[in-house]
1. Is one or more of the residues making up the range 2-16 more than 24 Å from residue 146 (Cβ to Cβ) and of a type in the set (A, V, I, L, M)?
2. List the helices (runs of 4 or more DSSP H) inside the range 19-115, counting only whole elements, that have at least 3 residues being crowded, with 16+ Cβ neighbours inside 10 Å and either at negative phi or under 26 Å from the mean Cα position of the chain (by Cα) (or both).
3. Would you check which residues across the range 1-18 are in contact (Cβ under 8 Å) with a residue 60 or more places away in the chain and assigned to a helix (DSSP H, G or I) and list them?
4. Could you check, for the range 209-226, whether at least one of its residues is crowded, with 22+ Cβ neighbours inside 10 Å and under 14 Å from residue 146 (Cα atoms)?
5. Tell me, which residue of the range 325-357 that is among the basic types (Lys, Arg) and surrounded by fewer than 20 Cβ atoms within 10 Å (Cβ to Cβ) is modelled with the lowest pLDDT?
6. Scan the range 49-72 for residues that are among the hydrophobic types (A, V, I, L, M, F, W, C) and closer than 30 Å to residue 155 by Cβ and jot them down.
7. How many residues does the range 1-14 contain that are within 28 Å of residue 340 (Cα to Cα) and surrounded by 15 or more Cβ atoms within 10 Å (Cβ to Cβ)?
8. Taking the condition surrounded by 13 or more Cβ atoms within 10 Å (Cβ to Cβ), touching a residue at least 40 places away in the same chain (Cβ under 8 Å) and over 23 Å from residue 240 (Cα atoms), does residue 362 pass?
Amino acid sequence: MPTVLIRTYGCQMNERDSEALQCLLRERGYVPTDSEESADVILLNTCSVRDQAERKAMGKIGILKRLKRRRPEVLIGVLGCMAQNHGRAILEAHPHVDLVVGTDRLHEVPDRIEEIRRGTGGLVLTETGGRDVLTRLEGHEPGRITAFVAVMRGCNQFCSYCIVPYVRGREKSRPPEDIVAEVEALTRQGVREVVLLGQNITAYGVAEARREGACDPRQSAFAELLRRLDGVSGLRRIRFTSPHVLFMNEAFIEAVCSLPRVCKAFHIPLQSGSDRLLRQMNRGYTTADYLAVVDRIVERVPEATFSTDVMVGFPSETEEDFARTRALMARVDYDMAYVFRYSPRRGTAAAAAVDDVPEEVKQHRNRILLEDLETSVARRNRRLVGRQVEVLVEGPSRRNPSRWQGRTDGNKVTLFEKAGPLQPGEMAMVTVRRTTSHSLFGDLATEPPDGPPTPGPGN
């Protein structure tokens, strides 16, 4: 039987696409493999959001040229955002590539592979606008406790630095009944936690409502979706990423703070603490707007945890701008942050600006924010020592199989000694004994707490 290897670069949406594509190929008789030497088909599902991700994928494409010389029968495909962004230019620069498929045509990959195996080479599929991808990429690999579920694709925000609207297209949301049916099927397979995915997930349903003339800014279609999913039998936890401040209205905040299965860990991209740069980035909100959302959540859920995306070195960023970002991060007291150095992306509005912040300055600012974060997270985690936290058991720790690994509602990785008849997918109460900036370590609680677990950061 033919074998296929899929290598994934980039975000959780790419990971989800790769999983669903592998399910489609399995239905056609392809067997997954981890070996490039034995693979009959090698597919690279790529990211184009950051320059580093593109460089890694381009490097791998170059390396595969040697494999193609030795094994000319192997089929090589480049998929996803980078394929959408560069299209036929990939074939021109790397003629050993057989297939280039963009984000809206991933569901066609099995058919196109068969075409190439029959003798048609050099296929490029980058047309956008198709909605079939929303319904054709629903397969999930069995045996998982946590599953990614794509509820929408694309973005309409057009932040000045971001390539996503150009490579993922405009916002397209799946019907809620399709999502609920998918989650119900997953729970029957043993899934206990779902992570809902969307480039701008709090805008779920907005584009469709606007086309129908029924968009009410006081309502939130995503909040209604969460309410429906909160009632799915067998589901323990619901997470989602990534929201946008502009769509985090009161209807949304009320839902996420009140629904018991929605985790109280919020990933809210910031990008900058400077209002001047937020305007240049076309983010559509101010730092005051951002903090107002955080404060409204904390008012209702004091134990909520927050994570974010932050960019350093955006064109014209001054020391004062950077200081504002650093101060806002300290104000929110994040439990995690992805800190990135700005790199211009061809085709975006910001690419026309002079990239005037030296690379060494970007690296210095990046390092400062990561050091700040390391210190603050370690401090927040130490507050949990001696407390009980509720953990969804994911399975044995990769580093130490004698321990269970799981996560708290606040998305804290928790490791504890195996004891009792616990199984992956079950909930466990763990008494925290020690912490690092990355993990909690503890023992399975021998006695239930008096009432609910003690509120605290990460609980």
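The values are calculated or read from the model by the stated rules, or taken from the named source; none is laboratory data. On a predicted model such as this, the values are computed, not experimentally measured, just so you know. We place every Cβ from the backbone using ideal geometry, glycine too, and count neighbours over all the protein chains shown.
1. Within the range 2-16, the first condition is being more than 24 Å from residue 146 (Cβ to Cβ), and the residues that meet it are 2-3.
Applying the additional criterion that residues be of a type in the set (A, V, I, L, M) yields none.
Taking every residue of the range 2-16 in turn, none turns out to be more than 24 Å from residue 146 (Cβ to Cβ) and of a type in the set (A, V, I, L, M).
2. Numbers: elements: 51-70, 80-86, 88-93.
Per the criteria, 51-70, 80-86.
3. Going through the range 1-18, the residues in contact (Cβ under 8 Å) with a residue 60 or more places away in the chain turn out to be 9-10, 12-17.
Correct list: 12, 13, 14, 15, 16, 17.
4. Within the range 209-226, none of the residues are crowded, with 22+ Cβ neighbours inside 10 Å and under 14 Å from residue 146 (Cα atoms).
5. At the first step, the residues of the range 325-357 found to be among the basic types (Lys, Arg) are 326, 331, 341, 345-346.
With surrounded by fewer than 20 Cβ atoms within 10 Å (Cβ to Cβ) added as a condition, the list becomes 326, 331, 341, 346.
Working: 326: 98, 331: 98, 341: 96, 346: 87.
This residue is 346.
6. First, the residues of the range 49-72 that are among the hydrophobic types (A, V, I, L, M, F, W, C): 49, 53, 57-58, 61, 63-64, 67.
Correct list: 49, 53, 57, 58, 61.
7. Step one: list which residues in the range 1-14 are within 28 Å of residue 340 (Cα to Cα), which gives 6-14.
If we keep only those that are surrounded by 15 or more Cβ atoms within 10 Å (Cβ to Cβ) as well, we get 6-11, 13-14.
Looking only at that region, the number is 8.
8. Values: surrounded by 13 or more Cβ atoms within 10 Å (Cβ to Cβ): yes; touching a residue at least 40 places away in the same chain (Cβ under 8 Å): yes; over 23 Å from residue 240 (Cα atoms): yes.
When the stated conditions are applied, residue 362 passes them.
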